[in-house]
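In what follows, a structure is listed as structure tokens, so that the remarks can point back to it.
Throughout, read-outs are computed from the coordinates displayed, never taken from laboratory work. Keep in mind the model is a prediction, meaning the values are calculated, not measured. All Cβ positions, even for glycine, are placed from backbone atoms using ideal geometry, and neighbour counts span all protein chains on display.
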Amino acid sequence: MSRWEYFLKRLLLSIPVLFLVITFLFIMLRLGPIDPVAARFGPEATGADVQRMRDRLGLDDPLWEQYLQFARDLLLFEGQSWVVQANRPVRAVIYDTAGPTLWLGFWAILLPLFIGLPLGFYAGLNPNSWGDYVASIGGIVWLAMPNFWLAVMLLAVLRQTDGGGWFGFDWYQLGPELRSITGTPNLDWYSISNVSVFDIVSFPMLTGMDWGAFAVDIKFILPPALVLGSASMAAELRIGRTAMLETINSNYVITAKAKGLKQRVIVWKHVFRNALIPLVPVITNEAFILIGGSVIVEEVFNISGLGRTFFLAVIQGDLPLAGSLLFMFTLVIIFLNILQDFLYTIIDPRVGYER
Amino acid sequence: MTIDDQHTNERPLVEVRNLQTAFFTEKETIRAVDNISFDLRAGDTVGIVGESGSGKSVTARSLMGLVEKPGRVLQGSSVRFNHLETVQEFSKKFSKRTVVVDSVAEQYDGSMTDLFGHESVDITPQFFGYEKPESVPLADILAAGYGDKLGLVDANDCIFITEGDTDTIQDGFVEITRLSGEPQRQMRGGRIAMVFQDPLTSLNPVYTVGNQIKEALRLHQGLKGKEATQEAARLLDAVGIPDARRRIKEYPHQFSGGMRQRAVIAMALACEPEVLICDEPTTALDVTIQAQILDLLTDLQEQTDLAIMFITHDMGVIANISDYVNVMYAGEIVETTNVERLFSQPKHPYTEGLLQSIPGAQTGDRLTTIDGNVPTPNEPATYCRFAPRCPKAFEECEHVHPTATAVSTDVEDHTVACLLYPEDMDTTAAVEHHQNKSEQTTVDTPQSSMEVNQ
Ligand code: SF4
């Protein structure tokens, strides 16, 4: 079986997974303890209202019809929010709240990738040096701090710096000015308009950038992204170090050295790619953690993103919204799994190889 | 002071003299290679045989400059690469690290006797195999790393011109133990290439075999693109891989063990080396493939006049491939001779034991083996390290360190380090002979010999 056949097989396998998830969500949400009518009207609703609502929601239809309806709504994102933003289509709610979460998630992946991984590789290339000790101990300490705690502490410290404070710098004034360090990023630094070519086709394109607002949004998102990415950063550091260490001591690297290759070529060609192999699942798995972490971090930093919306939907019994969000998270995870297989397939030619 | 007349064509390609490589751990100092000397000549195969732990692989790595911390090659060691073209090329590229020995001699105003009297020189002329200080060539002292403290050469200098000057080099050598950085890198592969023990792991799994061979071709022969692909296919074909054009596009995991080792050999050949070091290249392979690989190496040597250093623990393989054999035990060479003599008249009790433990060479029904294991050489040798396992051991073996001696006074080309020899002396005289020799040559202040030879 070739690498790509293997990849295709993995791709097809995700379809049954998707339906399993839908069924599971249906059972959890529809047959669970939450009464959707009570959730909408509160416990004091009268009989007639309740019955009308039951009809409207289709709660008395046969179960298989409800299931099909549910599956259809999920797949097309066509449900309606009941409570959190009552009667708005789920799609609109997601559209509004996805931006801040994507922005947060992007930086929460980028920071560890560009801080944790290089530090880990550096430590692995220079084992038992001072740099290694500092990086490794720093990684352990960083990993030991749970993100909800780190979030609160970071907020407290940054608030202290308002107008000078103990730390000798003012985070609010440093670089682009911020008025508040919590809240939802604006994300209004880009403008997209339809551009038409020769009046035949027209497509949306990035037509303008407000670099000032862009900088503000980056600065704004850095603290929560740092918190959200903290565990990943430490994990990438540690596993990056181990992977590097294992690879530089492997026989093929010694062979490469004995061939007379330059150190630069050895590290970048022979070591780097091999060291990445064990890191692929680490990096993609971290993205899973991000989804859980974003619920907490968005709550603490008061960002109205997907995580916070999901939290509200769950505690208020907004079943369609919670279901759709869960379904979306599942999609993201399935996508990440596919991405992981894809990366494996690209990096490691041995994938799917059987003798 | 005169430099002994030496001519490149008479001299071996590689001269290993007093090579000592030690590993410094917190617990102890392991003298993995403890003062060994041997030569490699173009077109010849020198076998190094011994049980595991005898220091064979460390010897190979010392020659490649691949000894890793906490190990290092000690002061006093010298591995000369006497290849005139290389010396000429290197002296141009690395003129700052080149030394003309004659001009160093002119600048130095003391006598050789003063030089040996200097506090930083902890060896005697006998260490280099000479009786009097005057007869020791200055080049030997510089190569062994004693010139640095005396201010004669820089710690970085590694190319020595012994005849002629920088423009007209007639003779000289590259001192491998003093190499570092760029000249060391250029020495690896291009001059001395190495084939490792485990063919399954010595190719990078994520690049095609062709890619890895082409990498060497590009580095050492400047071939690129189509030319390189063609040459890579030709090399694979030359090492006996069928359908080479297709196979260069395959990954190592698609090759069988024997094929992989062939590919590794092809990769080493792509560097066009003068010397090929094979570190147990056939150990991981089954017997028929082992024989094929040995034949391949013999053929290649005939075509290219390679000097091969072949490391193995297998006496059968040694009989097959080598011209000369060094038997190693606990970091020392205990017997050296040509392959015919070694098998017809082994002298050292250890060699005898090794020969007796070849399956099939036995007369009785039980396989004779040498009981026990190779000891870890963690202190300077003041006794015979083989004594605990030696069937012929006698009292003095515990107290006198045997040095390499001619088997008997009239036989050249066969040395052995055992108190029973030279044969034509009675045991007391022989023991005395060894005692004198080791007292004269052994570095008596082990502390100072721990200095780095860099
Ligand atoms: S010196 Fe003594 S112990 Fe060592 S090999 Fe010779 S006889 Fe055996």
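Where both bridge residues fall in chain B, DSSP classifies roughly 60% of the beta bridges as antiparallel. Among A:I115, A:I291, the ranking by other beta carbons within 10 Å of each residue's beta carbon, starting with the fewest, stands as A:I115, A:I291.
The mean count of C-beta atoms from other chains within 10 Å of the C-beta of residues in A:302-312, rounded to a whole number, is 0. The distance separating the Cα centre of the range B:109-173 from that of the range A:298-355 comes to 71 Å. Only helices enter this figure: runs of n ≥ 4 DSSP H residues, each worth -39500 (n - 2.57), summed and divided by the residues of the protein assembly as shown, yield -14500 deg cm²/dmol at 222 nm to the nearest 500. Of all aspartates and glutamates in the structure, the ones whose alpha carbon falls short of 16 Å from that of B:K93, not counting any fewer than 8 places away in one chain, are B:E85, B:D157, B:D165, B:D167, B:E175, B:E182.
Need one number: % antiparallel among DSSP beta bridges in the protein assembly as shown, to the nearest 5. Restricted to the protein assembly as shown, the bridges split so that about 65 percent are antiparallel. B:H83 sits among other residues whose Cβ lies under 13 Å from its own Cβ, and their net charge, with Lys and Arg +1 and Asp and Glu -1, is -4. When peptides B:171-177, B:434-440, A:64-70 are sorted by average Cβ neighbour count within 10 Å, with the highest value leading, the order is B:171-177, B:434-440, A:64-70. Using the Cβ-Cβ distance between A:Y67 and A:S14 with R0 set to 22 Å, the FRET efficiency works out to roughly 0.60. Listed values for the range B:77-84 are Karplus-derived 3J(HN,Hα) couplings in whole Hz (6.51 cos²θ - 1.76 cosθ + 1.60, θ = phi - 60°), namely 6, 8, 10, 9, 10, 8, 9, 4, and x replaces Gly and Pro. DSSP bridge analysis restricted to the range B:271-346 gives an antiparallel fraction near 55%, rounded to the nearest 5. For the range A:275-286, the Karplus equation 6.51 cos²θ - 1.76 cosθ + 1.60, evaluated at θ = phi - 60°, returns couplings of 5, 6, 4, x, 7, 4, x, 4, 5, 5, 5, 5 Hz by residue, with Gly and Pro reported as x.
Peptide A:244-253 has a mean shielding of 3, counted as Cβ atoms of other protein chains within 10 Å of each residue's Cβ.
Inter-chain Cβ neighbour count for A:257-267, averaged per residue, equals 6 (cutoff 10 Å, partner chain atoms only). The ranking of A:S324, B:S256 from fewest to most other beta carbons within 10 Å of each one's beta carbon is B:S256, A:S324. Taking only the C-alpha atoms of the range B:84-191, the Rg (one decimal) and the largest Cα-Cα distance, Dmax (whole number), read 14.0, 40 Å.
Close amide H partners of B:Y329, meaning residues 5 or more places away or on another chain with modelled amide H under 5 Å apart, are B:V334. Apply the a/c threshold of 1.5 to the C-alpha gyration tensor of the range B:206-272 and tell me whether it is rounded, prolate or oblate. It is prolate, given that a/c is not under 1.5 and a/b is the larger ratio.
Projecting each Cα onto the charge dipole of chain B (Lys/Arg +1, Asp/Glu -1 at the beta carbon, about the Cα centre), which of B:S52, B:A291, B:T409 comes out farthest on the positive side? About the Cα centre, the residue reaching furthest to the positive side is B:A291. Across the range B:293-299, coupling constants 3J(HN,Hα) worked out from phi with the 6.51/-1.76/1.60 Karplus curve, θ = phi - 60°, read 5, 4, 4, 4, 4, 4, 4 Hz, and Gly and Pro carry x. Counting neighbouring Cβ atoms within 10 Å and putting the fewest first, the residues B:E106, B:E163 line up as B:E106, B:E163. Overall form of chain B: oblate. Here a/c, set by the Cα gyration tensor axes a ≥ b ≥ c, is 1.5 or more, and a/b is not larger than b/c.
Of the peptides B:208-220, B:397-409, the order by per-residue mean of other Cβ atoms within 10 Å, starting with the highest, comes out as B:208-220, B:397-409. Taking the Cα centre of the protein assembly as shown as reference, the dipole from Cβ charges on Lys and Arg (+1) and Asp and Glu (-1) amounts to some 4160 debye. Between the listed residues A:V21, B:V79, B:M425, the Cα displaced farthest toward the positive end of the dipole of the protein assembly as shown, a dipole computed from Cβ unit charges relative to the Cα centre, is found at A:V21. Projected label points at B:D237 and B:E68, each 7 Å from Cα along the beta carbon direction, are separated by 3.8 nanometres.
Which of rounded, prolate, oblate describes the protein assembly as shown, given a ≥ b ≥ c as roots of the alpha-carbon gyration tensor eigenvalues and a/c under 1.5 marking rounded, otherwise prolate only if a/b is larger than b/c? Prolate, because a/c is 1.5 or more and a/b exceeds b/c.
Note on the range A:1-138: percent of Cα-Cα distances in each 10 Å bin, starting at 0 and stopping at the bin with the largest distance, equals 9, 22, 22, 18, 15, 10, 4, 0. Packing around the peptides B:231-240, B:124-133, taken as the average count of other Cβ atoms within 10 Å per residue, puts them in this order, highest first: B:231-240, B:124-133. Counted by Cβ distance under 10 Å from B:N320, the other residues give a net charge of -2, where Lys and Arg count +1 and Asp and Glu count -1. In this structure, the amide hydrogen of B:I277, modeled 1.01 Å from its nitrogen in the peptide plane, lies closer than 5 angstrom to those of B:A193, B:M194, B:V195, B:M309, counting only residues at least 5 positions away or on a different chain. Set Lys and Arg Cβ to +1 and Asp and Glu Cβ to -1, take the dipole of the protein assembly as shown about its Cα centre, and tell me which of B:I36, A:N285, B:M328 lies farthest positive. So the residue furthest toward the plus end is A:N285.
If you split all Cα-Cα distances of the range B:221-328 into 10 Å bins from zero, what percentages do you get per bin, shortest first? Values per bin, smallest distances first: 13, 46, 32, 9, 1.
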